[in-house]
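Below is one structure; the comments refer to it alone.
The values are calculated or read from the model by the stated rules, or taken from the named source; none is laboratory data. Here the structure is a predicted model, which means the values were calculated and not measured. All Cβ positions, glycine included, derive from the backbone under ideal geometry; neighbour counts span all protein chains shown. For accessibility, only protein heavy atoms count, side chains too; no ligands or nucleic acids. Shrake-Rupley method; radii C 1.70, N 1.55, O 1.52, S 1.80 Å.
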Amino acid sequence: MTTFREAVEARDSDAMAAALAENVVFTSPVAFKPYPGKAITAAILRGVLRVFEDFRYVREIANPDGRGHALLFEATVNGKTVNGCDFLHYDDNGLIDSLTVMIRPLSAAQAMAEAMAAQFPRIQEEALAASQAQSAS
């Protein structure tokens, strides 16, 4: 758990990706369907790093079994203050197999949706390149 939080706080996209299981499912606060797989999830997280400003975790809540965590955060997107939560679930190997993000208020969610939409062509390219590299190895 600490590894992912530390990676995010350090803005270390490689360490963030290393904390993800291959079969991770990312559920976005602004998209209807979840995104399955490490390549797309890691690419989305890199996109988020590009659009969030002044990101900081402000609280951490852990499930007693150690497999579920909630990380409350604050950030700014295009001048809008964002309050949000990363809900993480860990598999038997200690890797994140589920990552759900919720944000508020609506104006911040809209700002994030717009900023991420602008990032999405790059996100898709990065995910495709990562998938192809993994297939080649």
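Numbers for the structure displayed
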{"item": "Pairs, first farther than 16 Å from residue 82 by Cα and among the β-branched types (Val, Ile, Thr) in region 45-62, second open to solvent by 30 Å² or more (accessible area, probe 1.4 Å) and at pLDDT 95 or above, C-beta under 8 Å, six or more apart", "result": "61/72"}
{"item": "Lone qualifier among 58, 51 - being surrounded by 15 or more Cβ atoms within 10 Å (Cβ to Cβ) and either within 26 Å of residue 124 (Cα to Cα) or not charged (D, E, K, R) (or both)", "result": "51"}
{"item": "Number of the condition not met by residue 79 [criteria: (1) open to solvent by less than 70 Å² (accessible area, probe 1.4 Å); (2) under 19 Å from residue 6 (Cα atoms)]", "result": "(2)"}
